Amino acid sequence: MQQKAAAGEGAKVIYLSPQGRKLDQAGVSELATNQKLILVCGRYEGIDERVIQTEIDEEWSIGDYVLSGGELPAMTLIDSVSRFIPGVLGHEASATEDSFAEGLLDCPHYTRPEVLEGMEVPSVLLSGNHAEIRRWRLKQSLGRTWLRRPELLENLALTEEQARLLAEFKTEHAQQQHKHDGMA
């Protein structure tokens, strides 16, 4: 491929394909370590197998479904990898603190006003106690992951603190469900 030669040594050619390795945060972090990526986008039926065999370094997929081409997966890959380039995000630590960076879903976020249609921002977030805020965010992140994507927890070795916070979340969730069921 002429583009690989033009890009110089170290360029990695990525083909976006449903047959590729599924893109996840670990894969994004891995790809972000490359200085030069060339993305190849096929159309509905893909590209010539000979090109895959001779020119493609890696195949990546964004999921188990069919799109009309590789352009949208390429945009997904570009956006997710670009977040690791210094200066792309306003706050350098944002990419490492985002959802999935630690293998967990993100905690809930709140904005002003403090009360919206009768629903209040959790008081701990208004307290100014950074240690308690961090603890609350971690507990909510663990709980949200347990509720929405429990398979993600199977791949994690939880610390003592994380295990304790998850147990607390589960207890609180069960109590809320019991209270809610009693009202229904």
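Odds and ends about this structure:
- Where E55 falls short, out of the listed (1) crowded, with 17+ Cβ neighbours inside 10 Å; (2) out of contact with any Phe, Trp or Tyr (no Cβ under 6 Å at 6 or more places or on another chain): (1)
- The residues on offer are G42, G46, and the sole one that is on the phi > 0 side of the Ramachandran plot and surrounded by 15 or more Cβ atoms within 10 Å (Cβ to Cβ) is G46.
- In segment 52-63, the condition of being over 21 Å from the mean Cα position of the chain (by Cα) and part of a strand (DSSP E or B) is met by no residue.
- Within segment 126-141, tally of residues that are touching an Asp or Glu at 6+ places or on another chain (Cβ under 9 Å) and not charged (D, E, K, R): 4
- Single residue of G70, G63, G27 found to be of a type outside the set (K, R), without any contact (Cβ under 8 Å) to a residue 40 or more places away in the chain, out of contact with any helix residue (DSSP H, G or I) (no Cβ under 6 Å at 6 or more places or on another chain) and not assigned by TED's automatic domain parsing to the domain that holds L105: G27
- The single residue among T171, T145 that is within 20 Å of Q25 (Cα to Cα), of a type in the set (S, T, Y) and part of a helix (DSSP H, G or I) turns out to be T145.
- Candidate set from segment 86-107 (those that are modelled with pLDDT of 85 or more and not hydrophobic (A, V, I, L, M, F, W, C)); member that is surrounded by the most Cβ atoms within 10 Å (Cβ to Cβ): G103
- Test: residue in segment 76-83 that is in contact with a helix residue (DSSP H, G or I) (Cβ under 6 Å, 6 or more places away or on another chain), assigned to a helix (DSSP H, G or I) and surrounded by 15 or more Cβ atoms within 10 Å (Cβ to Cβ): yes
- For segment 148-162, the candidate set comprises residues that are of a type outside the set (D, E) and part of a helix (DSSP H, G or I); within that set, the residue that is modelled with the lowest pLDDT is L152.
- Any hit, segment 1-12, residues being in a loop (DSSP other than H, G, I, E, B), closer than 24 Å to E102 by Cα and not assigned by TED's automatic domain parsing to the domain that holds G103: no
The values are calculated or read from the model by the stated rules, or taken from the named source; none is laboratory data. Since the model is a prediction, treat every value here as computed from it, not as a measurement. No Cβ is skipped: glycine too gets one built from the backbone with ideal geometry, and neighbour counts run over all protein chains shown.
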